[in-house]
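The values are calculated or read from the model by the stated rules, or taken from the named source; none is laboratory data. Just so it is clear, the model here is predicted, and its values are computed rather than measured. Every residue, glycine among them, receives a Cβ derived from its backbone with ideal geometry; neighbour counts consider all protein chains shown.
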Amino acid sequence: MKLWGGRFSKPTDKSVEQFTSSLLLDRRLYREDIEGSLAHAKMLGAAGLMTAEEVDAICSALMDIMREIAGDEFDFDIGDEDIHMAIERALIDKVGPLGGKLHTARSRNDQVAMDMRLHLKRAIKDIAGALVELEKVLLALAEANRETVLPGYTHLQRAQPVFLAHHLLAYMAMFRRDGRRLRHCYEETDAMPLGSAALAGTALAIDRAMVAKELGFSKISENSMDAVSDRDWLLQFLSAAATIMVHLSRLAEELVVWSSAEFGFIELDDSYTTGSSIMPQKKNPDVAELIRGKSGRVFGDLTAMLTVLKGLPLTYNRDLQEDKTFMFDAIDTLAGCLPAMAGMLAGAKVDKGRMAAAAGGGFAVATDFADYLVTKGVPFRTAHETVGKLVKWCLDEGKTEPDLTLADLQKFDSRFKDDALKLVDPITSAASRNSAGGTGNESIAAQIEKAKGQIAEYEKWLGRG
Ligand code: ARG
């Protein structure tokens, strides 16, 4: 007999029980569900809707159920439909009809919204913590490579020399934005929907603020109809998660390319690579590739959730039950990818020589020659044209920029002087770009300081500071 079985004259078809059940997924929410019930029971006591003894009996039975599920001693029955019913049934089995009082002034609609919000709040903090760990690895690598020069690319063609620190700090900037997005998402998730009941609120004298306080929510949801049908907080999380995956995937792609023999910029540690079952020489960047690949799942989670929501009339519709698949998948994927990326980066060996060799000799410093002429009063467009011709001449003559003499330069513009020859050094080029946010040494030092400050502040929010 179902807990809602009163108006039915036939049992649910077995196939329908299977089809509609969310228990295999939402049993993962048991802790939050029971915490919500404990808070709700205490509030019903305070509101005079249960006696103190009734509250005690219900709460102690709920604690027993919590221990049983945690200890894997709980008998889940697919016929219970979902975690809320499974727990309520177990409660009634333990304390008798008194257990039926717990569902006063609440419904599974507000329960599931609360459980998921509470679960997600915790998951966001875990993910934010893993993100910070990755940022620390990036920062350490950046600090160790303040002077390591490599080509910066546009269109994957060598463009201008940059320091590796600057390249890594670009990812740092992305992950800092991700951190802020997660924090904002946490704040939106932090609204307590219990007490919305099925959709319209209740005439019983409940105290929603008390339940919110008990559960550590900073506020209560404002409209009962919105509260049971709103999944914006989940969309926001999935969108933040998808953006993190974009960043991880782009970084993963760079590591794949950089670790190829053609680039040879880095060597990934043996412990973070895998071999081939047929080609004995292979050492493959599978971890990076999987991170890149798993981004697709999380984009799918976001798209799927948007699609589930788009045609739903107010308020709760069973379609919403699909939400858990996407939430758990995104949480689990991030929980796997963030530490994998951190570990892979921490163990990567940088080949400074290969990077420097790629930064010199391929005209990555051409803009520096044009800027030199600009300092002599030449309009930038003219300087660009002149240096373009110089590059073409070098290519025709089979020369690269380190071969250039002052006489060569002066053939193109007499305003080139001795000091222009220093421009062939990619380190000089990169070091000089100290415009705010540039790759110059002072700019890098400022970026590192700023990132450290932001991380420290963020860790305070995480409760680690
Ligand atoms: N298992 C449901 C879900 O996950 C809980 C709410 C069900 N409410 C209902 N009236 N069937 O969305």
inquiry  = Any residue at all in segment 146-166 that's over 17 Å from Gly353 (Cα atoms), in contact with a strand residue (DSSP E or B) (Cβ under 9 Å, 6 or more places away or on another chain) and not in a strand (DSSP E or B)?
reply    = yes
Test: residue in segment 68-81 that is within 17 Å of Arg28 (Cβ to Cβ) and surrounded by 22 or more Cβ atoms within 10 Å (Cβ to Cβ) = yes
task = Could you tell me which of the residues Lys376, Lys417, Lys411, Lys422 is out of contact with any Gly (no Cβ under 8 Å at 6 or more places or on another chain), charged (D, E, K, R) and at pLDDT below 95?
result = Lys422
task = Give the residues of segment 279-302 that are more than 16 Å from the chain's Cα centre (by Cα), closer than 22 Å to Ala330 by Cβ and without any contact (Cβ under 8 Å) to a residue 12 or more places away in the chain, sorted by residue number.
result = none
message = Tell me which helices (runs of 4 or more DSSP H) are completely within segment 309-408 and hold 1 or more residues being hydroxyl-bearing (Ser, Thr, Tyr) and buried (at least 17 other Cβ atoms within 10 Å of the Cβ), or say none if there are none.
response = 323-347, 366-375, 380-397
message = On the basis of being more than 30 Å from the chain's Cα centre (by Cα), at pLDDT 95 or above and among the hydroxyl-bearing types (Ser, Thr, Tyr), does Thr325 make the cut?
response = no
Ala205 surrounded by fewer than 23 Cβ atoms within 10 Å (Cβ to Cβ) and touching a Gly at 6+ places or on another chain (Cβ under 8 Å) = yes
inquiry  = Considering only residues that are away from the ligand (no atom under 12 Å from the Cβ), modelled with pLDDT of 95 or more and small (Gly, Ala, Ser), which ones fall in segment 66-109?
reply    = Ala70, Gly71, Ala90, Gly96, Gly99, Gly100, Ala105
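Every residue, every condition in (1) outside any helix (DSSP H, G or I); (2) touching a Ser or Thr at 6+ places or on another chain (Cβ under 8 Å), yes or no:
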position: Ser249; (1), (2): no, yes
position: Glu254; (1), (2): no, no
position: Pro280; (1), (2): yes, no
position: Val287; (1), (2): no, yes
position: Val298; (1), (2): no, yes
position: Thr303; (1), (2): no, no
message = Being among the hydrophobic types (A, V, I, L, M, F, W, C) and either more than 11 Å from the ligand (Cβ to nearest atom) or surrounded by 14 or more Cβ atoms within 10 Å (Cβ to Cβ) (or both) is the filter here; which residues of segment 1-39 pass it?
response = Met1, Leu3, Phe8, Val16, Phe19, Leu23, Leu24, Leu25, Leu29, Ile34, Leu38, Ala39
message = Among the residues in segment 118-132, are any within 16 Å of the ligand (Cβ to nearest atom), without any contact (Cβ under 8 Å) to a residue 40 or more places away in the chain and assigned to a helix (DSSP H, G or I)?
response = no
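This table checks each residue for (1) within 16 Å of the ligand (Cβ to nearest atom); (2) of a type outside the set (Gly, Ala, Ser).
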site: Phe299; (1), (2): no, yes
site: Thr303; (1), (2): no, yes
site: Gly311; (1), (2): no, no
site: Thr315; (1), (2): yes, yes
site: Leu320; (1), (2): yes, yes
site: Phe326; (1), (2): yes, yes
